[in-house]
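To keep things clear, I will list the structure first and then write my remarks on it.
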Amino acid sequence: MNLGEMDAWVVARPGPVASRPLERVRLPVPAPGPGEVLIEVEACAVCRTDLHLAEGDLPPRRPRTVPGHEAVGRVVARGQDAVRLEPGARVGVAWLRSTCGRCRHCLRGAENLCPLSAYTGWDADGGYAGYLTAREEYVYPVPEETPAERLAPLLCAGIIGYRALLRCDLPPGGRLGVYGFGASAHLTAQLAVAQGAAVHVMTRSARARELAMRLGASSAQDAADAPPEPLDASILFAPVGELVPVALEALDRGGTLAVAGIHLSDIPVLNYRRHLFQERTLRSVTANTRADGRAYLDQASAHPPEVTTVAYPFDAADQALSDLAADRVEGAAVLVR
Ligand SMILES: [Zn+2]
Ligand SMILES: [Zn+2]
């Protein structure tokens with residue numbers, strides 16, 4: 001099947017974003033393999049994980065991979081045995097690309113922990129391109145009427161935030177701390193507010209603090225400041241290990257801190273009494289299951305969140321990453337075709 005060529009970005013030389021790790025290229029439009037669909041991309045959101053991949057914090061799994069795992073588009077072709085989605089169907093492609101379906105983690109409903117799991121934009125080419133392929137069983141149908149720019153950030157920022165909120169065991173009506181206030185945090189905070197939580201936001205960005213208050217947060221302060229009341233649960237979105245002891249110390253007895261990101265700088269030495277005693281819990285969040293994705297996207301389509309985006313033309317993917325690295329993006333950066 002010869003489908004012509006497309007514009008794409010690849011991670012050519014992983015390194016600091018100032019060294020321009022992304023390269024703009026022409027690639028053949030990929031042919032969908034067995035069980036896969038070919039999707040024409042309308043928009044792809046820019047996740048902090050893309051920045052970690054570009055900068056080499058996450059080592060490449062294959063050379064010159066197209067990043068991007070929050071893509072919205074339409075099915076334009078189907079591979080062998082792909083029958084679930086009709087051509088023309090509007091879908092979202094997320095981070096989890098495939099799992100084995102047979103290991104003990106997959107079998108107990110924890111496919112996010114599958115040792116053979118593969119990821120969009122890391123193990124296979126992603127959405128910083130005109131087209132991408134994905135396994136039809138791992139893509140999500142998305143509503144026709146919502147602009148792609150507003151849907152794309154839901155596919156990782158939204159879904160991962162949803163899982164992080166589950167993992168931090170926030171009690172009903174509880175007090176939630178949110179450390180860092182980028183794309184994922186701004187969606188997750190809205191979920192928690194809707195559930196009746198008091199949300200306290202800690203972030204170094206003054207504009208992000210303003211956005212947090214507009215979205216219903218109870219308070220907003222600087223990144224390492226103490227919240228105005230002890231917290232039942234917190235989520236660390238900022239990839240900053242130094243904030244782990246700060247956030248643990250701000251928890252009430254029995255509270256839980258969930259680290260949402262895939263990469264964190266080193267955690268300083270903890271002091272058992274100050275940071276963990278009184279049954280405080282520190283846990284991580286690793287990707288998501290498809291059940292998380294469906295549950296979150298169903299909820300987002302019933303009660304659409306306010307999605308704050310900064311649109312970039314497709315040609316400006318490297319600029320979007322630089323802006324994300326420098327905290328210049330309010331909400332989510334999205335590449336729009
Ligand atoms: Zn598995
Ligand atoms: Zn992501």
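Brief remarks on what is shown
- Taking the criterion of being more than 14 Å from Thr289 (Cβ to Cβ), in a loop (DSSP other than H, G, I, E, B) and within 16 Å of ligand 2 (Cβ to nearest atom), the residues of segment 107-123 that qualify are Gly121, Trp122, Asp123.
- Test for Ala260: is it out of contact with any Pro (no Cβ under 6 Å at 6 or more places or on another chain) and buried (at least 18 other Cβ atoms within 10 Å of the Cβ): yes
- Some residue of segment 39-52 being basic (Lys, Arg), within 11 Å of ligand 2 (Cβ to nearest atom) and either without any contact (Cβ under 8 Å) to a residue 24 or more places away in the chain or outside the structural domain of Ala238 (by TED's automatic domain parsing) (or both): yes
- Ala226 being at pLDDT 95 or above, surrounded by fewer than 19 Cβ atoms within 10 Å (Cβ to Cβ), aliphatic (A, V, I, L, M) and more than 22 Å from Leu154 (Cα to Cα): yes
- Matching residues, segment 228-261, being in contact with a His (Cβ under 6 Å, 6 or more places away or on another chain) and of a type in the set (A, V, I, L, M): Leu248
- Residue among Ala260, Ala311, Ala291, Ala220 that is out of contact with any helix residue (DSSP H, G or I) (no Cβ under 6 Å at 6 or more places or on another chain) and of a type in the set (A, V, I, L, M): Ala291
- Count of residues meeting criterion [touching a residue at least 24 places away in the same chain (Cβ under 8 Å) and away from ligand 2 (no atom under 15 Å from the Cβ)] in segment 53-82: 16
- Some residue of segment 159-167 being among the hydrophobic types (A, V, I, L, M, F, W, C), surrounded by 20 or more Cβ atoms within 10 Å (Cβ to Cβ) and in a strand (DSSP E or B): no
- Pairs where the first residue, in segment 317-329, is under 17 Å from Thr203 (Cα atoms) and the second is of a type in the set (S, T, N, Q), C-beta under 6 Å, 6+ apart: Asp327/Ser205
- Boolean, Ala118 is touching a residue at least 24 places away in the same chain (Cβ under 8 Å) and either surrounded by fewer than 19 Cβ atoms within 10 Å (Cβ to Cβ) or assigned by TED's automatic domain parsing to the domain that holds Val25 (or both): no
- Scanning segment 55-76 for residues that are of a type in the set (A, V, I, L, M) and under 16 Å from Asp123 (Cβ atoms) returns Leu58, Val66, Ala71.
- Of all residues making up segment 33-64, the number that are out of contact with any helix residue (DSSP H, G or I) (no Cβ under 8 Å at 6 or more places or on another chain) and within 21 Å of Leu155 (Cα to Cα): 7
- The residues in segment 225-240 that are among the small types (Gly, Ala, Ser), closer than 16 Å to Arg253 by Cα and free of Cβ contacts under 8 Å to residues at least 60 places away in the same chain can be counted, and the count is 1.
- Flag for Ala82 being among the hydrophobic types (A, V, I, L, M, F, W, C), in a loop (DSSP other than H, G, I, E, B), under 14 Å from Gly33 (Cβ atoms) and away from ligand 1 (no atom under 11 Å from the Cβ): yes
- In segment 124-148, the residues that are acidic (Asp, Glu), farther than 23 Å from Asp315 by Cα and either buried (at least 22 other Cβ atoms within 10 Å of the Cβ) or within 16 Å of ligand 1 (Cβ to nearest atom) (or both): Glu137
- Looking across segment 91-106 at every residue that is assigned to a strand (DSSP E or B) and surrounded by fewer than 24 Cβ atoms within 10 Å (Cβ to Cβ), the one that is nearest to ligand 1 (Cβ to nearest atom) is identified as Ser98.
- The number of residues in segment 307-337 that are outside any helix (DSSP H, G or I) and among the aliphatic types (A, V, I, L, M) comes to 10.
The values are calculated or read from the model by the stated rules, or taken from the named source; none is laboratory data. Bear in mind the structure is a predicted one, so any value in this text is a computation, not a measurement. All Cβ positions, even for glycine, are placed from backbone atoms using ideal geometry, and neighbour counts span all protein chains on display.
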